[in-house]
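Structure first, commentary second.
Here, each number is a calculation from the coordinates, and none is a lab measurement. Values in this document were obtained by computation on a predicted structure and should not be read as measured data. We place every Cβ from the backbone using ideal geometry, glycine too, and count neighbours over all the protein chains shown.
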Amino acid sequence: MLTVQDITFKYPTSPINTLESIHFTVNSGRRLAIVGESGSGKTTLLKLMAGLLDPLEGTIRLDNKKILGPAFNLVPGNEYIRMVMQDYGLKKNFTIRENLIYQLRFLSAEEQDTIIQTLAKALSIESYLESPPQALSGGQQQRCAIACALAANPTVLLMDEPFSNLDILLTDKIKLFLTQSLQKNKNTLVFVTHYTPDALALADDIVVLRKGKIEQWGSTSEIYDQPASPYVAALFSDMNFFRWSKLHDIPMKGSATITAELGQHCIVGIRTDRVDVRTKGRARIKGTVIRTEFQGDRKKIFIRLDNKIQVKAYTSEWEVEKGTRVGVHFDREDLFFFPHHKNLDV
């Protein structure tokens, strides 16, 4: 079990804490995604977990053994933890094969060769094994770095934006192999990503950071189905937000209860793909399309409702263009409700 307990961290040149009172646990063999906007402290948190930085306050433990940073270790890091960083961390004076052999140095030559061939094939790096890292592209180096991390078979694997530079044609193959390898060896995975579909697809649990603090921590289904704030909801879906008071002319069940609990200025959110657009028949809510975006098998459309609210939606009706009059429908159960937030411009 990896335990992060009340971690606070501040860079010497920063006037404020980069991370503040961070607390969560990752059970052995689980996969945790850390997400949040740029500058929220994601990579810093990963480096603290790897033992590459010293916290200002708090402790990080792996199976009850404290992870110590560079203030305590001449060579920063932990023997049971490996981190795939955005600069890939490959030894520049080694070939890719030599990088892999270094991770496997305690095994026989025959075992080394078997593992290297398996990883090289799975990650499509066979033709790069005799090359130095600097001769490869960013995406090629990223695959080699993942191979080296898996070769080490660590108790905990930390990955910083592990798929950011991968070719789209290889991404699904590599994600599948990574998942299967982690499950087989019962490794714990913690990864940082800005691409939230990866977090939902690969993680068991998610920590959402905002300005150095935890905004929400829970299972993938909890984060997606029960977002704690508009910030969390917007990270994981294309959202529409508006104030409840602007819906006064739209009859809806439960209005009185919602107003009593959260106030008439509470925030209402609905996912863009849950807005039903109708070009025929009657509709309680009507509006005019003010912009469209082609998205392959559908269009994303921007609608100004007659009550001046602007709503995004999707449609597969190609005749819908700018200026088209449409009806809009959404169900009460598709709405999210959040307390009034002064910084949300709706």
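Measuring between alpha carbons in the structure, the pairs from LYS66/LYS184; LYS173/LYS312; LYS246/LYS322; LYS91/LYS213; LYS91/LYS175; LYS186/LYS299 lying more than 31 angstrom apart are LYS173/LYS312; LYS91/LYS213; LYS186/LYS299. Remark on segment 1-124: Rg and Dmax equal 17.1, 54 Å (Cα only). Result for the chain in a Gaussian network model with C-alpha springs under 10 Å: among ARG61, ARG332, ARG82, the largest mean-square fluctuation is at ARG332. In segment 175-226, the alpha-carbon atoms span a convex hull of 84 Å³ per residue.
Using R₀ = 22 Å, calculate the FRET efficiency as 1/(1 + (r/R₀)^6) where r is the Cβ-Cβ separation of ARG298 and ASP225; round to 0.05. Step by step, r from the Cβ atoms, then E = 0.40.
Comparing PHE242, PHE72, PHE191 in a Gaussian network model of the chain, where Cα atoms under 10 Å apart are tied by springs, the biggest mean-square fluctuation is seen for PHE72. Counting only DSSP beta bridges with both residues in the chain, the antiparallel share comes to about 70 percent. With N the number of residues in segment 271-323, Rg(Cα) / (2.2 N^0.38 Å) evaluates to 1.04.
Once you divide the Cα radius of gyration of segment 100-211 by 2.2 N^0.38 Å, the number left is 1.09. Rounded to the nearest 10 degrees, the inclination of helix 109-122 to the longest alpha-carbon principal axis of the chain is 20 degrees.
Our summary gives the chain a relative contact order of 16 percent, counting only alpha carbon pairs under 8 angstrom and 6 or more residues apart.
Pairs of Cα atoms in segment 46-113 fall into 10 Å distance bins, from 0 up to the last occupied one, in shares of 18, 39, 30, 13, 1 percent. If you plug the beta carbon distance of THR288 and LYS213 into 1/(1 + (r/R0)^6) with R0 = 51 Å, you get a FRET efficiency near 0.80. The calculated P(r) of segment 3-58, using every Cα pair and 5 Å bins from 0, goes 4, 17, 30, 28, 14, 4, 2, 0 in percent.
When the chain is described by a simple charge dipole with +1 on each Lys and Arg Cβ and -1 on each Asp and Glu Cβ, the residue from LEU45, GLY296, TRP318 located farthest towards its positive end is TRP318.
The charge dipole of the chain, taken about the Cα centre with unit charges on the Cβ atoms of Lys, Arg (+1) and Asp, Glu (-1), comes to about 960 debye, rounded to the nearest 20.
Only one of [x] 66, 45, 35; [y] 74, 46, 36; [z] 97, 57, 36 was calculated from the structure for Cα extents along the principal axes in Å, and its label is [y]. Taking each residue as 0.36 nm, the span from MET1 to GLU111 lengthens on full extension beyond its C-alpha to C-alpha distance by 36.7 nm.
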